[in-house]
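**Student:** Can you keep this structure in mind? I'll have questions shortly.
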């Protein structure tokens, strides 16, 4: 079975069958078997697993490594497995009687192993057999008189027919070493290394705005709306900088940037495809994480919804109303507790899309997707945005809005480039939040908390300015976080950076910061943080 | 039940003290019907020893453990061993003081106090099983603090205080980290002796199946046991959720076969279909398919 016709789910299913057979889940299976439809084969995958349990597999792996040096390694490996299968069948049958009904017609092989053989003996017997019958030295070289099939450009099939080796046809497809997949999987994840601030600032503001639009997408606000926002937000440390809001809708390319931009767009498309591949690769785990997170959030939503006591015809008797039954014949002398709707809470997710994140786009977009999807399942409105800064513009890109029903997959259109002026981005996010009417607002920032922008902090036109980076930028960001919190917005940070950046992140976000070391604990960690905030709402 | 404890290897001294306890506190005539006759037995001598000693010492128990560890079976077994009437109180999100202690009701034109299960249990000196205690909000459990600690009282405003009858014990169960559960607060946790319930071992599961279905062939007892362990291993490695790890389902499946379904059909509805996610179900189905022959019927697996 060719690799690309087997779905991720069937691969995972084959893994599971093998792990089950091996009674061990700590390895990455190498051989996997599929039937003609691309479905995982029950019997053969169990046999592969059983081989792991029965034998010292590292010794067999050495044999496979030797066979892999040959062009027709899949044929040799098929012969090997067909020879080992009867042994495993006999030894497994007592513990798993059902094998009898699952077993396909066994293949005839000239290579034979005895039931009691150890891994060493098996490897030795196989090595001898491959040397005698196929002339394999085990180091990639073949004895001269066995080189015929390749020399004559003959197909393996006709060679085997001539040689009379009864090879079980289906098993020619068995060869499915994992590294073959991996190569294909990572193909889309070419790491983008282009710098973000390569365009000089000699362009005028409208020209720059056009450039930014070409790069990031059509603006969602009119020029006058943006001017209004800039007057309000680009003050203090952010004076002389600009804001750009986009929904990510692409702009037709034209003018001088087109060739360069075409190239850039291709790279962006590769990153976006890479994000999806990254998610798909761990699809099962991601779905489990989403389910787990949504259960814990929905439970917490339930718990912290304000219960409402209503008059009802059944429920708990309300002594204050009881007289009405006797005097007025009113049966509604009971009280029933109903939970109010959770609709007064919203969550915004803000992704740091600066250059430092380029290597992590896959994991960041997956994490954001898990949170957004989990919230959606709990009917908590959720908006996802990213921010980065370029040529003095801080770009707020909107992936999905509160109302956008269904599709969270646009989050995978996330790619990272340029600088990050966290302070201004948080301010802009805060402004966007202030326009919503939800009672409880939460802002989750996924960032390495390393604010840095080439646009300097300037007091007036002539001021050469101070650079926006290091402690100064951290202080500015921390102040914005405090300001948001003072406005009643819960701000929490999912830290995506490295050890060195952690202390800085702590000064900015304080206690409400988590670091995901192991994605398996993602749901627990993030769930706890979100629920912790919700608890505050209930107070 | 005491013979069963001897089989499980519980020392004669403990058994003698249980007998002494039972002699000292015979259940009232009217409460006899509440003494459970367990359908399942709990296997695990170490846990038995811990729990018996704690109860004899006057302590309340908190049984903590994941799914399929027999928390409720064990709680019921304990009531039976000590011969105490049992009150089962299931905790849920909206459990509050009135559902536990009691509430005012309207009776014959008068407001009167209707006792809740905790009060009833306390007066009769029964065993109160507080099932899934961490499903309830901690605040609503605060009313139990005085009941569970050395004071052993229930104070209902407007009524006289109820003093717990001496043999009264409370046995709480909880599944930590289970969806829909909460952290138990320290004040409450400190009022219990906490027993971590181990996952049932293969040997104990075989015993359980053999006791439950004496005519089940040994071969299938072991196949079903291994099947259960394979599902558990898959859960532990986070490949599937714990929905299919269902001991009740496994036992029910055998019963279904006894009543006419094929083993595969029974496992379909008792185990496999409990995974509602399509792919997860496929994984569980694969475990079953590679363990259980589709055509096995009652006459094949029972003697």
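The values are calculated or read from the model by the stated rules, or taken from the named source; none is laboratory data. Since the model is a prediction, treat every value here as computed from it, not as a measurement. Note that we place each Cβ from the backbone using ideal geometry, even for glycine, and neighbour counts take in every protein chain shown.
**Student:** Tell me, which strands (runs of 3 or more DSSP E) wholly within segment B:101-191 include 1 or more residues that are over 25 Å from the mean Cα position of the chain (by Cα)? Break it down into steps so the answer makes sense when it comes.
**Tutor:** Values: elements: B:102-107, B:110-115, B:127-131, B:169-174.
Passing ranges, in order: B:102-107, B:110-115.
**Student:** Report those helices (runs of 4 or more DSSP H) wholly inside segment A:255-368 carrying at least 2 residues which are touching a helix residue (DSSP H, G or I) at 6+ places or on another chain (Cβ under 9 Å) and at pLDDT 75 or above. Full working, then the answer.
**Tutor:** Working: elements: A:258-281, A:283-304, A:323-328.
In segment A:255-368, the matching helices (runs of 4 or more DSSP H) lie at A:258-281, A:283-304.
**Student:** Right, another one. Please go through (1) crowded, with 21+ Cβ neighbours inside 10 Å; (2) over 20 Å from the mean Cα position of the chain (by Cα) for residue A:496 and return the number of the only condition it doesn't satisfy.
**Tutor:** (2)
**Student:** May I pose another question? Out of the residues in segment A:512-527 meeting the condition of being surrounded by fewer than 16 Cβ atoms within 10 Å (Cβ to Cβ) and modelled with pLDDT under 80, tell me which one is farthest from residue A:364 (Cα to Cα).
**Tutor:** A:524
One line per residue, one yes/no per condition, for (1) surrounded by 17 or more Cβ atoms within 10 Å (Cβ to Cβ); (2) out of contact with any strand residue (DSSP E or B) (no Cβ under 9 Å at 6 or more places or on another chain); (3) not assigned by TED's automatic domain parsing to the domain that holds residue A:123:
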{"site": "A:20", "(1), (2), (3)": "yes, yes, no"}
{"site": "A:27", "(1), (2), (3)": "no, yes, no"}
{"site": "A:48", "(1), (2), (3)": "yes, yes, no"}
{"site": "A:58", "(1), (2), (3)": "no, yes, no"}
{"site": "A:76", "(1), (2), (3)": "yes, no, no"}
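**Student:** Taking residue A:384 as the residue in question, decide whether it is without any contact (Cβ under 8 Å) to a residue 60 or more places away in the chain and either closer than 23 Å to residue A:470 by Cβ or under 16 Å from the mean Cα position of the chain (by Cα) (or both).
**Tutor:** Values: without any contact (Cβ under 8 Å) to a residue 60 or more places away in the chain: yes; either closer than 23 Å to residue A:470 by Cβ or under 16 Å from the mean Cα position of the chain (by Cα) (or both): yes.
When the stated conditions are applied, residue A:384 passes them.
**Student:** Follow-up. What number of residues within segment A:454-469 satisfy the criterion of being in contact with a helix residue (DSSP H, G or I) (Cβ under 9 Å, 6 or more places away or on another chain) and surrounded by fewer than 15 Cβ atoms within 10 Å (Cβ to Cβ)?
**Tutor:** Of the residues in that region, 2 qualify.
**Student:** Hey, which of the helices (runs of 4 or more DSSP H) in segment A:7-120, taking only ones fully inside, have at least 3 residues that are away from chain B (no Cβ under 13 Å) and in contact (Cβ under 8 Å) with a residue 24 or more places away in the chain?
**Tutor:** On the way: elements: A:8-22, A:42-54, A:57-67, A:73-93, A:99-102.
Where helices (runs of 4 or more DSSP H) fall fully within segment A:7-120 and carry at least 3 residues being away from chain B (no Cβ under 13 Å) and in contact (Cβ under 8 Å) with a residue 24 or more places away in the chain, they are A:42-54, A:57-67, A:73-93.
Yes/no per residue for (1) modelled with pLDDT of 90 or more; (2) surrounded by 19 or more Cβ atoms within 10 Å (Cβ to Cβ); (3) more than 17 Å from the chain's Cα centre (by Cα):
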{"site": "B:1", "(1), (2), (3)": "no, no, no"}
{"site": "B:12", "(1), (2), (3)": "yes, no, yes"}
{"site": "B:34", "(1), (2), (3)": "yes, yes, no"}
{"site": "B:57", "(1), (2), (3)": "yes, no, yes"}
{"site": "B:63", "(1), (2), (3)": "yes, yes, no"}
{"site": "B:76", "(1), (2), (3)": "yes, yes, no"}
{"site": "B:86", "(1), (2), (3)": "yes, yes, no"}
{"site": "B:89", "(1), (2), (3)": "yes, yes, no"}
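**Student:** Are there any pairs with C-beta distances below 6 angstrom linking a residue in segment A:257-268 that is buried (at least 16 other Cβ atoms within 10 Å of the Cβ) to a residue that is at pLDDT 65 or above and assigned to a helix (DSSP H, G or I), with the two at least 6 apart or on different chains, and if so which?
**Tutor:** Filtered contacts from segment A:257-268: A:261/A:214.
One line per residue, one yes/no per condition, for (1) within 14 Å of chain A (Cβ to nearest Cβ); (2) free of Cβ contacts under 8 Å to residues at least 60 places away in the same chain; (3) farther than 30 Å from residue B:300 by Cβ:
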| site | (1), (2), (3) |
| --- | --- |
| B:153 | no, yes, yes |
| B:171 | no, no, yes |
| B:175 | yes, no, yes |
| B:189 | no, no, yes |
| B:193 | no, no, yes |
| B:202 | yes, yes, no |
| B:205 | no, yes, no |
| B:209 | no, yes, no |
| B:214 | no, yes, no |
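**Student:** Can you pull out the residues in segment B:273-303 that are at pLDDT 90 or above and away from every other protein chain (no Cβ under 14 Å)?
**Tutor:** Matches in segment B:273-303: B:273, B:274, B:297, B:298, B:299, B:302.
**Student:** Follow-up question, since we're still on this one. When you look at residue A:346, is it closer than 14 Å to residue A:275 by Cβ, in contact with a strand residue (DSSP E or B) (Cβ under 9 Å, 6 or more places away or on another chain) and surrounded by 19 or more Cβ atoms within 10 Å (Cβ to Cβ), yes or no?
**Tutor:** Details: closer than 14 Å to residue A:275 by Cβ: no; in contact with a strand residue (DSSP E or B) (Cβ under 9 Å, 6 or more places away or on another chain): yes; surrounded by 19 or more Cβ atoms within 10 Å (Cβ to Cβ): yes.
No: the conditions fail for residue A:346.
**Student:** Going through segment B:94-121 one residue at a time, which ones are closer than 19 Å to residue B:172 by Cβ and touching a helix residue (DSSP H, G or I) at 6+ places or on another chain (Cβ under 6 Å)?
**Tutor:** Correct list: B:95, B:96, B:97, B:100, B:101, B:116, B:118.
**Student:** Assess whether residue A:401 counts as being closer than 27 Å to residue A:208 by Cα, surrounded by fewer than 23 Cβ atoms within 10 Å (Cβ to Cβ) and out of contact with any helix residue (DSSP H, G or I) (no Cβ under 8 Å at 6 or more places or on another chain).
**Tutor:** Numbers: closer than 27 Å to residue A:208 by Cα: yes; surrounded by fewer than 23 Cβ atoms within 10 Å (Cβ to Cβ): yes; out of contact with any helix residue (DSSP H, G or I) (no Cβ under 8 Å at 6 or more places or on another chain): yes.
Against the criterion (closer than 27 Å to residue A:208 by Cα, surrounded by fewer than 23 Cβ atoms within 10 Å (Cβ to Cβ) and out of contact with any helix residue (DSSP H, G or I) (no Cβ under 8 Å at 6 or more places or on another chain)), residue A:401 qualifies.
**Student:** Something else: Residue A:535 is checked against (1) at pLDDT below 80; (2) more than 15 Å from residue A:363 (Cβ to Cβ); (3) in contact with a helix residue (DSSP H, G or I) (Cβ under 6 Å, 6 or more places away or on another chain) and fails just one. What number does that condition carry?
**Tutor:** For residue A:535, the failing item is (3).
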